[in-house]
Structures are given as structure tokens and as C-alpha cells.
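Asks: Just passing along the structure, written as C-alpha cells.
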Amino acid sequence: MKVTVAKDAGYCFGVRDAVNLAYDTADEHGEVYMLGDIVHNENVINDLDKAGAKVVQSIDDVPIDKPLLLRAHGSKRDVWKSAKEKGMKLVDATCPLVHEIHREVKKLSEEGRQIFVIGDHGHDEVVAIADQVPDSIVLANLNEAKALKKIKKAGVVSQSTQTIENVQEIINILMEKVFDLHFVNTICYPTKRNQEQIKELARESDIMIIIGSFTSANSKRLTSLSKTLNKNTYQVTVSKDIDPKWFDNCKSVGISAGASTPDYLIKEVKDRIMSF
């Protein structure tokens, strides 16, 4: 049985840097605190917790002598403001590409444009992007775009891990709704690259395995993308989720993973499949 792992499966550089920064900060200060999960993967969060990187729900829960790490997805403006007012030591683990989206949103807003953010409602990254300017509107799908009234000027960005197909569909509708439309393509390069590799693998493989947490919108989106091309697509979080029966009469397996999936989980899944 041939087993192929997508070249760019798993951690993107933004997540890898954020996780490494959390480990380094915890090692330096004994503990570091994060408002919510640094990335959407429970295995990573458990590993970090053991190393001293703790998840809290409020700035008030952070000891005054310990640093606050701002997670990869970005943070709302009031988090930065409150932390600075309290004189807290801030460690910024925000992905540089997310910071770039924040800057683009502000520039578009300064031009007097209504801001639209293409992304998942309630997702940490999307919430932070939308918070950068007043009255921004999040669009998750085609129907939400179709329900909009016509307007004169708008600026559009997207969540960094959106599929190209979803963004294109929404933009096509906005082109009919907005007279002066400025779209900045903020899907990050690692996401585009991973999506393209999955499309190729899904066509060539008998079975596709996508590794990632079910709390990760990115991982679920990759699974959905793969399923459109290969009905024998399964999402797993760890190697024990794999059912050997999936591989009956199977000659080729493609493996990829979401941007918050660490290397060791990918290796464990591949090793288990190779053992069948």
C-alpha cells in the first residue's frame, strides 16, 4: 500500500512560531498565560499546559508577575488596551499574516468603505479581524452575501484559512451588490498551498486521511474540500481514531493535516497506516 503525506501538511509557520514562543516563554518565566487556546488542537494545548503555558478566560486570571501571550489568531483591541493599562508583560504570538489582515482592514475603512470579512462566525481570527474597525460585517456563505442590499463602497478581506472557492463565490455576489469594491486577497499562502496539494492527492488516492481537531475550522474545511473529490475521506484527531476496515482493498492513501496539527501526530498516523 502506497502512503503519501502532503508536503505541507500540518503546522504553518505562524502556528509553529506561536507554539515555540509559548514553550520558550514558559521555560523562561516558569509560566505563561493565554486568553483561550493558542491554536485549535487539544493535543497541542495539553502538551503546552504540561510545560507551563496555561489557558485562562480573563485577563484578571493572569498573575501580575507572569506574562500574557497573545495567540496566533489575533486579539480584539480591548485585550491589548486592558493588558497595557494593567502594566502586564505582553508576548505577541499573533501570526504576521493576521497582523497584515488587520492593517489592510484599517486602510480600507479609512477610505470610507463598508468592511466585509469573509469567514466563519465566532471564529477567533474572524472576531479579531472584524473588531479592528466599527460596523464590519462577517459573511460566511453565499446566502448571506445574497441577502445584502446594494451599497456604493466596500472593502473585503477574508479569514486566512478560507477556501478559495468560498471566497470566489461570495466575491462574485458582492460584485453585483457594490459599485466600488476593493478586495484584498488575504487567504494565506500556506493555506492555498495545502489546499492545492490535497486536491491533487484526493484525485490520486483510494483513501484520504485529514488529521486535525474537530474544533479546528481549518481542518474541517480541508476535510470538506477533500470529500468533494474523494468520497473515501476521513478526518481523525489521533492515530487511534483510524479504523483498519477503511483500508480493505486499498492500494494508495493520501494524508494531509490542518495548520494546527503537530508533526508527531502526522507521523503516528502514517506509522499506524503503514503497519496494516
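The values are calculated or read from the model by the stated rules, or taken from the named source; none is laboratory data. All of these numbers come straight from a predicted model, not from anything done at the bench. Neighbour counts run over all protein chains shown; Cβ positions are idealised from the backbone, glycine included. The accessibility values were calculated without ligands, DNA or RNA, using every heavy atom of the protein model including side chains. Shrake-Rupley method; radii C 1.70, N 1.55, O 1.52, S 1.80 Å.
Asks: Look at D65 and say whether it is over 28 Å from R193 (Cα atoms), part of a loop (DSSP other than H, G, I, E, B) and either modelled with pLDDT under 90 or open to solvent by 70 Å² or more (accessible area, probe 1.4 Å) (or both). Before you say what the answer is, go through the steps one by one.
Replies: Details: over 28 Å from R193 (Cα atoms): yes; part of a loop (DSSP other than H, G, I, E, B): yes; either modelled with pLDDT under 90 or open to solvent by 70 Å² or more (accessible area, probe 1.4 Å) (or both): yes.
Judged against the criteria, D65 is a match.
Asks: Exactly one of (1) under 23 Å from T237 (Cβ atoms); (2) part of a strand (DSSP E or B) is unmet by Y33. Its number?
Replies: (1)
Asks: Given the structure, is G52 touching a residue at least 12 places away in the same chain (Cβ under 8 Å) and over 30 Å from N185 (Cβ atoms)?
Replies: Numbers: touching a residue at least 12 places away in the same chain (Cβ under 8 Å): yes; over 30 Å from N185 (Cβ atoms): yes.
It is true that G52 is touching a residue at least 12 places away in the same chain (Cβ under 8 Å) and over 30 Å from N185 (Cβ atoms).
Asks: Additional query: Any residue in region 159-168 that is in a helix (DSSP H, G or I), modelled with pLDDT under 95 and among the hydrophobic types (A, V, I, L, M, F, W, C)?
Replies: Within region 159-168 (the criterion being in a helix (DSSP H, G or I), modelled with pLDDT under 95 and among the hydrophobic types (A, V, I, L, M, F, W, C)), the answer is yes, since at least one residue qualifies.
Asks: Let me ask something else about it. Name every residue in region 262-272 that is open to solvent by less than 20 Å² (accessible area, probe 1.4 Å) and touching a helix residue (DSSP H, G or I) at 6+ places or on another chain (Cβ under 7 Å), in order of residue number.
Replies: Step one: filter region 262-272 for residues open to solvent by less than 20 Å² (accessible area, probe 1.4 Å), giving 262, 265-266, 269.
Correct list: P262, L265, V269.
Asks: Mind checking whether some residue in region 188-195 is modelled with pLDDT of 95 or more and polar (S, T, N, Q)? Steps first, please.
Replies: Here is the first cut: in region 188-195, the ones modelled with pLDDT of 95 or more are none.
No, region 188-195 has no match at all.
Asks: Just to check your reading of the model, which residue among H73, H40 is surrounded by 15 or more Cβ atoms within 10 Å (Cβ to Cβ), modelled with pLDDT under 90 and at negative phi?
Replies: Of H73, H40, the one residue that is surrounded by 15 or more Cβ atoms within 10 Å (Cβ to Cβ), modelled with pLDDT under 90 and at negative phi is H40.
Asks: Something else about it: If I ask for residues that are outside any strand (DSSP E or B) and in contact with a strand residue (DSSP E or B) (Cβ under 7 Å, 6 or more places away or on another chain), which ones from region 1-22 would you list? Please lay out each step first, then the result.
Replies: Looking only at region 1-22, we keep the residues that are outside any strand (DSSP E or B), and these are 1, 6-22.
M1, A6, A9, G10, L21, A22 - these are the residues of region 1-22 that are outside any strand (DSSP E or B) and in contact with a strand residue (DSSP E or B) (Cβ under 7 Å, 6 or more places away or on another chain).
Asks: Also: Every residue in region 167-189 that is closer than 19 Å to F116 by Cβ, surrounded by fewer than 16 Cβ atoms within 10 Å (Cβ to Cβ) and either within 20 Å of the chain's Cα centre (by Cα) or acidic (D, E) (or both), please.
Replies: Answer for region 167-189, where residues must be closer than 19 Å to F116 by Cβ, surrounded by fewer than 16 Cβ atoms within 10 Å (Cβ to Cβ) and either within 20 Å of the chain's Cα centre (by Cα) or acidic (D, E) (or both): Q168, E169, E176, D180, V184, N185.
Asks: What are the pairs with Cβ atoms under 8 angstrom where one residue, in region 202-221, is open to solvent by less than 10 Å² (accessible area, probe 1.4 Å) and the other, located anywhere, is outside any strand (DSSP E or B) and aromatic (F, W, Y)? Sequence gap at least six, or different chains.
Replies: Partner pairs satisfying both residue conditions: I207/W246; I207/F247.
Asks: Here is a follow-up. Here are some residues: K245, K231, K251, K192. Which one is of a type in the set (D, E, K, R), within 16 Å of V269 (Cα to Cα) and open to solvent by 20 Å² or more (accessible area, probe 1.4 Å)? Steps first, please.
Replies: Numbers: K231 fails: within 16 Å of V269 (Cα to Cα); K251 fails: within 16 Å of V269 (Cα to Cα); K192 fails: within 16 Å of V269 (Cα to Cα).
After applying the criteria, what remains is K245.
Asks: If I go through region 133-158 residue by residue, how many of them are crowded, with 16+ Cβ neighbours inside 10 Å, out of contact with any helix residue (DSSP H, G or I) (no Cβ under 6 Å at 6 or more places or on another chain) and not in a helix (DSSP H, G or I)? Let's see the steps before the verdict.
Replies: Filtering region 133-158 for residues crowded, with 16+ Cβ neighbours inside 10 Å gives 133, 136, 138-140, 144-145, 148, 154-158.
Subsequent filtering for residues that are out of contact with any helix residue (DSSP H, G or I) (no Cβ under 6 Å at 6 or more places or on another chain) retains 140, 144, 154, 156.
Now restrict to residues that are not in a helix (DSSP H, G or I): 140, 154, 156.
The total comes to 3.
Asks: So, of the residues in region 82-132 that are open to solvent by 10 Å² or more (accessible area, probe 1.4 Å) and among the aliphatic types (A, V, I, L, M), which turns out to be farthest from the chain's Cα centre (by Cα)? Walk me through how you get there before you give the answer.
Replies: Step one: filter region 82-132 for residues open to solvent by 10 Å² or more (accessible area, probe 1.4 Å), giving 82, 84-92, 94-97, 99-100, 102-104, 106-107, 109-114, 120-124, 127, 130-132.
Narrowing further to those that are among the aliphatic types (A, V, I, L, M): 88, 90-91, 97, 127, 130.
Details: M88: 27, L90: 22, V91: 20, L97: 11, V127: 12, A130: 15 Å.
In this case the residue turns out to be M88.
Asks: Please find, among D60, D49, the residue that is among the acidic types (D, E) and open to solvent by 80 Å² or more (accessible area, probe 1.4 Å).
Replies: Numbers: D49 fails: open to solvent by 80 Å² or more (accessible area, probe 1.4 Å).
Only one candidate passes the filter, namely D60.
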